[in-house]
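What follows is one structure encoded as structure tokens, with my remarks underneath.
The values are calculated or read from the model by the stated rules, or taken from the named source; none is laboratory data. Not measured: the values here are computed from a predicted model. Don't worry about glycine lacking a Cβ; one is built from the backbone with ideal geometry, like all the others, and counts go over all protein chains shown. The protein model used for the area step is the full one, side chains on, heavy atoms only, and it has no ligands, DNA or RNA in it. Shrake-Rupley method; radii C 1.70, N 1.55, O 1.52, S 1.80 Å.
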2 protein chains.
Amino acid sequence: MRSLALLAVLTLCLGARAQEPAECVDPFIGTTNFGTTNPGAVTPHGMMSVVPFNVMGSEENVYDKDARWWSTPYEYHNKFFTGFAHGALSGVGCPELGALLTMATTGPLTVDYREYGTSYRDEKASPGYYSVFLDKYGVLAEATATARSSAERYTFPEGTGHILLNLGEGLTNESGAMVRRVSATEIEGTKLLGTFCYNAQKVFPVYFVLRVSKTPSASGYWKKQRAMTGVEAEWTPDNGRYKLYMEYGRELSGDDVGYWFSFDGLAAGEQVEVRMGISYVSTENARKNLDAEQAADAPFDAIREQARKGWNEALGRIRVEGGAEEQQRVFYTALYHALLHPNLVSDVNGEYPLMERSGETGVTDGERYTVFSLWDTCRNLHQLLTLVYPDRQREMLRSMTGMYEEWGWLPKWELYGRETFTMEGDPAIPVIVDSWMKGLRDFDVAKAYEAMRKSATTPGAQNRMRPDIDPYIEKGYIPLGFYAKDLAGDTSVSHALEYYMADAALSLLADSLGQGDDARLFRARSLGYKRYYSPESGTLRPLHPDGTFLSPFDPKAGENFTAAPGFHEGSAWNYTFYVPHDVEGLAKLMGGRRKFIDKLQMVFDEGLYDPANEPDIAYAYLFSRFRGEEWRTQRETRRLLERYFTTAPDGIPGNDDTGTMSAWAVFTMLGLYPDCPGEPYYTLTSPTFDRAEIDTERGTLVIEKHGEGYIDRMTLGDKPLKNYRILHDELLKGGKLTFELQTGK
Amino acid sequence: MRSLALLAVLTLCLGARAQEPAECVDPFIGTTNFGTTNPGAVTPHGMMSVVPFNVMGSEENVYDKDARWWSTPYEYHNKFFTGFAHGALSGVGCPELGALLTMATTGPLTVDYREYGTSYRDEKASPGYYSVFLDKYGVLAEATATARSSAERYTFPEGTGHILLNLGEGLTNESGAMVRRVSATEIEGTKLLGTFCYNAQKVFPVYFVLRVSKTPSASGYWKKQRAMTGVEAEWTPDNGRYKLYMEYGRELSGDDVGYWFSFDGLAAGEQVEVRMGISYVSTENARKNLDAEQAADAPFDAIREQARKGWNEALGRIRVEGGAEEQQRVFYTALYHALLHPNLVSDVNGEYPLMERSGETGVTDGERYTVFSLWDTCRNLHQLLTLVYPDRQREMLRSMTGMYEEWGWLPKWELYGRETFTMEGDPAIPVIVDSWMKGLRDFDVAKAYEAMRKSATTPGAQNRMRPDIDPYIEKGYIPLGFYAKDLAGDTSVSHALEYYMADAALSLLADSLGQGDDARLFRARSLGYKRYYSPESGTLRPLHPDGTFLSPFDPKAGENFTAAPGFHEGSAWNYTFYVPHDVEGLAKLMGGRRKFIDKLQMVFDEGLYDPANEPDIAYAYLFSRFRGEEWRTQRETRRLLERYFTTAPDGIPGNDDTGTMSAWAVFTMLGLYPDCPGEPYYTLTSPTFDRAEIDTERGTLVIEKHGEGYIDRMTLGDKPLKNYRILHDELLKGGKLTFELQTGK
């Protein structure tokens, strides 16, 4: 049934008008193969997302959140629906959010998800909308969203129906919730979230208000009871089980609590709607968000239409023509995935949780964003936003500098006001520098520079961003065992490579701000990578504190997310070419251009390239740094697109990383890629589509392709273009980029 | 050490001035032998009590709340202190309240009570004050209270100290709590209580605000983590254990949560104080209660002194002279225990939880009381309050009629706005009638009569107070198996006996209100007991629906709280004489006065009397209904006092039943007892003291005793008194009751 549903959607994109790019998005792409995207209803950069939850409660689940490390509320091959999560992350590798689970059931009331879960069919998903038919109950469940609120519509069969809110479960590993009855049709409360990537201290609350559209015939709380023993157990009727609180009307707190609404005497086809507002500040704000974004009498379909309109506006900033329909679908779905994070965290009144000052609230007159997975997104996603969505990127830059003002440091992997310190490096620097260098300057650059300089120069343990800055500054590299005492967990080379890249970017900003000394200092530091180059292995290679290389050494160690000394989530091959700011210098170390090209080609040819993670994500573009080798970039990018980016549910090579994988596909299909974060350049490749129009703050950029094959000639505006690496300014000034392709390289 | 402490206190009562009756109270009396009183700090009828908690966490505990049915936060022979509970019940038989546990520790922080609990010594307790020395920490812990708030003072040794608030544990079997940091020195929150006597639905929240007197060097939350399995367990550092939340500042909810304050660098002897306000309405009210009852700069000793003063005022309404010092101690301790419940539930602003309308709040311009254990207290405790504390009894009458207005029924066993339906009968009726008949009439008697009439006449299952009213009205008795289908759990005779007693009382009120028909109807119903009399067994005896007696039948079955058909918590012997409103009629059934006397005497002589429960509590006074047999009352009451009411920790015969056992002792030692609830009479016995002065609303009643032995002559005012049963009005009008005793009956 599901494939039929997909087919039905497929036919629409083919005839989609340019105003309806949402028709070309398939939210099921990336929902298996660890893409960890989901088909839930969400708006562009929305705080709210309404996501089908199918990763618990059934032994038939292929992937179960409680049986393994699992990081998404939805998996394509699972078959056991236990409700809608409200608020979720897309494309991440650690469990988080995915809580506030609503569910509709019929018949006798049960509040145990193992019992109330159901198989399902007829799943449909499009931007801002999801629906599914629940087999066990004969209920059609539909969901849509605004930026900070949700709407669900349940179409019941005749009889008794129930709406449940389960606050005990969720994707997050944190627990503890409170729910309070406000009226017969409204409840409010809070649930604790956090421990992202098993960071035990990084917790934060979500607040909610929930309304049902019909006055229930009965309602109440539930809570799982602690298990008692002996005579106490004998006397306690609900011992160790869920207790329904039938006569209780104040707030209920606990680890595993919930609330149900029952509706007797429903007519066949009768619809009951659920509306929820959320906030990360307070229940009052959750209510304000709901009231501000949904008129009390707004029909479900109007909210759905508004969500769709928002997506068409956002996706429609890029209009493509030509290419196969599947390619358009891959493209717009990738663009869709790239427009989910960072997402709004400020409420309609501008309030948001202050960074790392849990319990305190700030107010913005713009928008505050969260979910800065910067080790990932610094590479291309923010560059995409800078080019096409500068209005949002500007608020994100302000969000990041705001975090510095509140906490003293820029974010690394920020999550709802908490710095989780996930992955490494100093990735806010390239993001901010990149925007600045491309002319997006409407933020407090002095403050930002102060922040960046602080993390680049503060020595010792008080440096929260670069915990191993001392050897990095003193020796120019980070030796094995400095940060992680256990060699198996050492990621020293990865740390240093991120700092090199960040310092190269920082040097550009310093120069731009007239800080010549700083510029020279940081540029010099960015070249410390050379010390890691081992002529023997032909790769970068971990160094001992005494300056000798790790030995024995296997450059393949660390493949497929296994652990290997020096490298994080990758092998030496995945990292060796990751010096985007000094590719020529690296080539020189390797013995020159030819050797560099051959070695890089070998990485692709011999399966040493990892398409599922970020360190080597720009590798394919590095060929184009060398005249005459650009065809290799064009060949490899085409191959990667064809192989890893498809319309199938496994059509993303791995974790989408809050849109980073997708942003690679978007840029690559358009024919340009920002291959060195911080440098205001794009490297060009053969585009997928015959024509693309991209709205920018400086007018519409048109990209045209004539013919197929490899790039033969290029024109910018009306002038021939020789360079395959082009300045952002130049590109926008040119206004139109034309590729003439021909078969044969 | 403990016995020495007691001795130190003992010496004080001997020389106590009349203004210091609190010196004569030993709060350790009743703290073992299932008396279930406690030595905590409390004020008369206070909402707050601060009770040492020693019934969990150690395998050396003689009685452990988690190993058996257990109903008090403190047991005399246990030795493992885990903190102070805030809010507790005294003398009950089911686990409830005893939560909001504060604890002081030193050294490394641990929040697991199994680890932080400690042995102790130097316990001291007096009205409104308790102190103990914590061996493990060298900390002196002291506690005192106001009506709605507490103060604790901890004297630390040099070094690091901690104050903990444990919201996960408590005597109550309910769980779930929320705590929120308000400032560095203040937290607030709520915890769910309830399920008294395993009534799963009868739950209610307590709200609190807690302040520490010193700014902590660190503070934070804790929560026990759910146990995960497999890879999740491996990655979760606190899996299944208590997690300390070091960076979190919003509210925390969960089953097992708490908050700690740490104080580094304490000087030797430095004191840290803890103040807590509670409310059953809201955290705002908890704060108002604390602020209203404790000036911000009120020293601990001033609060302690205020509590003591309150007790001296309350206890000092009865002033006794003569008797052994131990007897004075027994007397004032009994009076102390009789002045704990019902207790205040209204806040300083008059707000209180509406009866059985969970979540709704009422406002009183007087005082709202709770903990109406009426099956117990209808027999004598409210009679004591009516005589000596009419100001409080009046508010209790208003509280009871208020409950009717809010819920539609008078209370039976009311607990913080919930009717727990514990035990049986219609016991609000005798309480209200008794007060009315004694002239305490400043309440809405029309409303009260309406309420009483409703429970006495509403047929069928809609009668919440008398679930088996149908056969009671139709047949005049309740047959086996009507209420409890399982004969082993049947308590039909007990039910009916309570209704007879209540209807006899109601008949008095009807008559007083000029409702002659009602008076006759209810009086007639009150005599239905006769049907239960079995000449064969010589006892009351359960009846089958067909009117035949249960057979075979053992009148001793049901002794010692075992189960037996027909009778609740007692044997046929414990119930057979329980017809206080028609003793003569019962005697007639038994074959006349002589047979009645002999049989009643046999009950005492052959150990068939149960001094630990209420059904036979007035038995000793029934002799005096027959001229010439009054000496038996005097002998048995003296024997019971001597044997069961002592200054030892086991000096109460069983559950004090919210002061009912103690009220028996108070009345009996004074020489008078209200042996038929509702009838405005006292039956006289030989008093314990040479002289007693009792403050009443109609002046001071003086009771004098001359000589020892049995009563020879009595004088009321200046007139000889012949009757051993005397009207309340007559007694107060007389003003002085003199007993002339002589040895030999």
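Quick one: which residue in A:288, A:243 is within 28 Å of residue B:175 (Cβ to Cβ), crowded, with 19+ Cβ neighbours inside 10 Å, of a type in the set (Lys, Arg) and touching a residue at least 12 places away in the same chain (Cβ under 8 Å)? Lay out the reasoning, then the answer.
Values: A:288 fails: within 28 Å of residue B:175 (Cβ to Cβ).
After applying the criteria, what remains is A:243.
Residue-by-condition table, conditions (1) under 30 Å from the mean Cα position of the chain (by Cα); (2) open to solvent by 10 Å² or more (accessible area, probe 1.4 Å); (3) at positive phi; (4) within 14 Å of chain B (Cβ to nearest Cβ):
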position: A:133; (1), (2), (3), (4): yes, yes, no, no
position: A:153; (1), (2), (3), (4): yes, yes, no, no
position: A:166; (1), (2), (3), (4): yes, no, no, no
position: A:173; (1), (2), (3), (4): yes, yes, no, yes
position: A:191; (1), (2), (3), (4): yes, no, no, yes
position: A:194; (1), (2), (3), (4): yes, no, yes, yes
position: A:206; (1), (2), (3), (4): yes, no, no, yes
position: A:214; (1), (2), (3), (4): no, yes, no, no
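Within region A:390-403, can one find any residue that is within 26 Å of residue A:617 (Cα to Cα), touching a helix residue (DSSP H, G or I) at 6+ places or on another chain (Cβ under 9 Å), not in a helix (DSSP H, G or I) and not assigned by TED's automatic domain parsing to the domain that holds residue A:191?
Checked against the condition, which is being within 26 Å of residue A:617 (Cα to Cα), touching a helix residue (DSSP H, G or I) at 6+ places or on another chain (Cβ under 9 Å), not in a helix (DSSP H, G or I) and not assigned by TED's automatic domain parsing to the domain that holds residue A:191, region A:390-403 yields no hits at all.
Can you find a residue in region B:261-268 that is in a strand (DSSP E or B), touching a helix residue (DSSP H, G or I) at 6+ places or on another chain (Cβ under 9 Å) and either buried (at least 17 other Cβ atoms within 10 Å of the Cβ) or at the interface with another protein chain (Cβ under 7 Å from one of its Cβ atoms) (or both)?
no
Would you mention how many residues in region B:58-81 are buried (at least 24 other Cβ atoms within 10 Å of the Cβ) and over 17 Å from residue B:28 (Cβ atoms)?
Selection size over region B:58-81: 1.
Does residue B:160 satisfy the condition of being of a type in the set (S, T, N, Q), assigned to a strand (DSSP E or B), away from chain A (no Cβ under 12 Å) and open to solvent by 10 Å² or more (accessible area, probe 1.4 Å)?
Numbers: of a type in the set (S, T, N, Q): yes; assigned to a strand (DSSP E or B): yes; away from chain A (no Cβ under 12 Å): yes; open to solvent by 10 Å² or more (accessible area, probe 1.4 Å): yes.
The answer is yes for residue B:160.
Filter region B:101-131 down to residues that are assigned to a loop (DSSP other than H, G, I, E, B) and among the polar types (S, T, N, Q) and give me whichever is surrounded by the most Cβ atoms within 10 Å (Cβ to Cβ).
The initial filter retains those residues of region B:101-131 that are assigned to a loop (DSSP other than H, G, I, E, B), namely B:107-112, B:117, B:119, B:127-128.
Checking which are among the polar types (S, T, N, Q) leaves us with B:110, B:119.
Working: B:110: 16, B:119: 14.
Top of the filtered list is B:110.
Name the one entry in B:574, B:560 that is open to solvent by 30 Å² or more (accessible area, probe 1.4 Å), out of contact with any Phe, Trp or Tyr (no Cβ under 6 Å at 6 or more places or on another chain), over 18 Å from residue B:485 (Cα atoms) and in contact (Cβ under 8 Å) with a residue 24 or more places away in the chain.
Matching residue, one of B:574, B:560: B:560.
Could you tell me whether residue A:301 is modelled with pLDDT under 95, open to solvent by 50 Å² or more (accessible area, probe 1.4 Å), not assigned by TED's automatic domain parsing to the domain that holds residue A:659 and not in a strand (DSSP E or B)?
no
Listed here are the residues, each with its yes/no results for (1) surrounded by 24 or more Cβ atoms within 10 Å (Cβ to Cβ); (2) more than 17 Å from the chain's Cα centre (by Cα).
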| position | (1), (2) |
| --- | --- |
| B:384 | yes, no |
| B:392 | no, no |
| B:406 | no, yes |
| B:410 | yes, yes |
| B:413 | yes, no |
| B:418 | yes, no |
| B:434 | yes, yes |
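Considering only residues that are crowded, with 23+ Cβ neighbours inside 10 Å, of a type outside the set (A, V, I, L, M) and part of a helix (DSSP H, G or I), which ones fall in region B:637-670?
Listed by number, the residues that qualify are B:637, B:660, B:662, B:664, B:667, B:668.
With respect to residue A:437, is the statement that it is in the same structural domain as residue A:344 (by TED's automatic domain parsing), within 28 Å of residue A:514 (Cα to Cα) and either at pLDDT 95 or above or not basic (Lys, Arg) (or both) true?
yes
If I ask for residues that are without any contact (Cβ under 8 Å) to a residue 40 or more places away in the chain, within 14 Å of another protein chain (Cβ to nearest Cβ) and either open to solvent by less than 10 Å² (accessible area, probe 1.4 Å) or part of a helix (DSSP H, G or I) (or both), which ones from region B:332-379 would you list?
none
What residue, of A:610, A:582, is of a type in the set (Asp, Glu), surrounded by 20 or more Cβ atoms within 10 Å (Cβ to Cβ) and more than 18 Å from residue A:536 (Cβ to Cβ)?
Values: A:582 fails: surrounded by 20 or more Cβ atoms within 10 Å (Cβ to Cβ).
It is A:610.
Got at least one residue in region B:448-455 being open to solvent by 20 Å² or more (accessible area, probe 1.4 Å), outside any loop (DSSP other than H, G, I, E, B) and in contact with a Gly (Cβ under 9 Å, 6 or more places away or on another chain)?
Yes, that holds for at least one residue.
Restricting attention to region B:474-496, does a residue exist that is part of a loop (DSSP other than H, G, I, E, B), open to solvent by 40 Å² or more (accessible area, probe 1.4 Å), touching a residue at least 24 places away in the same chain (Cβ under 8 Å) and in contact with a Pro (Cβ under 9 Å, 6 or more places away or on another chain)?
Scanning region B:474-496 turns up at least one residue that is part of a loop (DSSP other than H, G, I, E, B), open to solvent by 40 Å² or more (accessible area, probe 1.4 Å), touching a residue at least 24 places away in the same chain (Cβ under 8 Å) and in contact with a Pro (Cβ under 9 Å, 6 or more places away or on another chain).
Whether any residue in region A:610-621 is assigned to a loop (DSSP other than H, G, I, E, B) and touching a His at 6+ places or on another chain (Cβ under 9 Å) is what I want to check.
Among the residues of region A:610-621, at least one is assigned to a loop (DSSP other than H, G, I, E, B) and touching a His at 6+ places or on another chain (Cβ under 9 Å), which makes the answer yes.
Mind listing just one residue for me: the one in region A:218-236 that is more than 18 Å from residue B:94 (Cα to Cα) and polar (S, T, N, Q) and, of those, surrounded by the most Cβ atoms within 10 Å (Cβ to Cβ)?
Filtering first and then ranking leaves A:225.
Of the conditions (1) under 36 Å from the mean Cα position of the chain (by Cα); (2) surrounded by 18 or more Cβ atoms within 10 Å (Cβ to Cβ); (3) of a type in the set (A, V, I, L, M), residue B:182 satisfies every one except a single condition; which number is it?
(2)
Determine which member of the set A:65, A:79 is more than 14 Å from chain B (Cβ to nearest Cβ) and among the charged types (D, E, K, R). Don't jump to the end; show me each part of the working.
Details: A:65 fails: more than 14 Å from chain B (Cβ to nearest Cβ).
It is A:79.
Take region A:135-151 and flag every residue that is under 14 Å from residue A:86 (Cβ atoms), open to solvent by 10 Å² or more (accessible area, probe 1.4 Å) and either assigned to a strand (DSSP E or B) or not hydrophobic (A, V, I, L, M, F, W, C) (or both).
Initially, region A:135-151 is screened for residues under 14 Å from residue A:86 (Cβ atoms), giving A:141, A:143-151.
Restricting the remaining residues to those that are open to solvent by 10 Å² or more (accessible area, probe 1.4 Å) gives A:147-148.
Correct list: A:148 only.
What residue, of A:190, A:195, A:172, A:215, is over 24 Å from residue A:285 (Cβ atoms), in the same structural domain as residue A:249 (by TED's automatic domain parsing) and of a type in the set (S, T, N, Q)?
Going through A:190, A:195, A:172, A:215 in turn, the sole match is A:215.
Among B:543, B:608, which is hydrophobic (A, V, I, L, M, F, W, C) and touching a helix residue (DSSP H, G or I) at 6+ places or on another chain (Cβ under 6 Å)?
B:608
Of everything in region B:216-260, what is aromatic (Phe, Trp, Tyr), assigned to a strand (DSSP E or B) and within 7 Å of chain A (Cβ to nearest Cβ)? Give them in sequence order.
B:245
Checking the condition under 28 Å from residue B:222 (Cα atoms) and outside the structural domain of residue A:418 (by TED's automatic domain parsing), which residue from A:179, A:132 passes?
That would be A:179, the only listed residue that is under 28 Å from residue B:222 (Cα atoms) and outside the structural domain of residue A:418 (by TED's automatic domain parsing).
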